[in-house]
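Nothing in this text is a laboratory measurement; each read-out follows from the coordinates by a stated rule. Here the structure is a predicted model, which means the values were calculated and not measured. Every residue, glycine among them, receives a Cβ derived from its backbone with ideal geometry; neighbour counts consider all protein chains shown.
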Amino acid sequence: MRRRARRAAGLLNERRHTSNALEYLKMVAPDYTGEPRYVPETAVVDGPLITANSTGGLHLGRLVLERLDLCSKETLEAWFEFFHTGDGKWFYALMESVAARAEVTLARPGRST
């Protein structure tokens, strides 16, 4: 564990990042010097690096899906809001955005059905 923490600290020293706590990073990675770039947020993006704390799985998922450009912004927003709030209105927005994209995809010229 210590060896992995030291390697990770080297990567984090040069980029904006987050974690469960700044004190935790200092404790598990004695070579960590990235305190000026530590951001106390749920998830942080710096170039190709995405970091999240242990409560940030949903935020991490949103950032990864956004980077991969796998769905429309409307679908991504509805997905995130549904799982973030549990409000059924977002479930219906999610289903509508997926259905709308599927219809556009199926209706493309030259595509056999």
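So how far, in whole Å, is the C-alpha centre of the stretch 20-37 from the one of the stretch 67-93? With the stretch 20-37 and the stretch 67-93 each reduced to a Cα centre, they are spaced 33 Å. With both labels modelled 7 Å from their Cα along Cα-to-Cβ, the N13 to M95 distance reads 5.3 nm. Legend: calculated FRET efficiency, K73 to D31, from the Cβ-Cβ distance at R0 = 41 Å, rounded to 0.05, equals 0.55. Using the Cβ-Cβ distance between T42 and A102 with R0 set to 25 Å, the FRET efficiency from 1/(1 + (r/R0)^6) comes to roughly 0.20. Model label sites at L22 and T85, defined 7 Å from Cα along the beta-carbon direction, differ in position by 3.3 nm.
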